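Taken together, the values in this text are just the output of simple stated rules run on the coordinates, not laboratory data. Here the structure is a predicted model, which is why all the values come from computation and not from measurement. Using ideal geometry, Cβ is built from the backbone for each residue, glycine included, and neighbour counts are taken over all protein chains shown.
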Amino acid sequence: AATRHPDADDPYWEGADLAVAAERARVPVGLVTGWHDALAAQTFAQYARLRATDCETALLVGPWTHTSALQQGWPEVFAETLAWLRAHLCDDA
């Protein structure tokens, strides 16, 4: 159904913009994207919104696409994600 609504201004997408949620976030957020990710610009915008509200935010950007991050970049994505979780769930610096 989403492919039949390519225009972001289409009423179909009303309420789907997560920018407002980012402005209210009060929990640490970790974002992962790739330099060749079709959604990289959205991830960078989300990162900027979160940082603008002083939300603790981490950003990992690697040399992969949206779908290859867990294939090509899995060692780094996995290690960084575990470190982020340990830091925030286990108070591990």
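Overview of results
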read-out: Under-5 Å amide H pairs with Val32, H placed in peptide plane, nonlocal only; value: Leu60
read-out: Part-to-part distance (alpha-carbon centres) for region 1-15 and region 33-93, which is given in Å; value: 26
read-out: Gain upon complete extension [Ala93, Gln72; 0.36 nm per residue less C-alpha separation]; value: 4.8 nm
read-out: Projected label distance in nm at Arg51 and Arg86, using a 7 Å step from Cα toward the beta-carbon; value: 2.6
read-out: Stokes-Einstein D (µm²/s) once Rh is taken as the Kirkwood radius of the chain over alpha-carbon pairs, at 10 °C in 1.306 mPa s; value: 107
read-out: Charge context of Gly62, other residues only, Cβ under 12 angstrom, K/R +1, D/E -1; value: -3
read-out: Using alpha-carbon coordinates, inclination of helix 74-89 to the longest axis of the chain, degrees; value: 80
read-out: Label-point separation in nm, His5 to Leu39, each point 7 Å along Cα→Cβ; value: 1.6
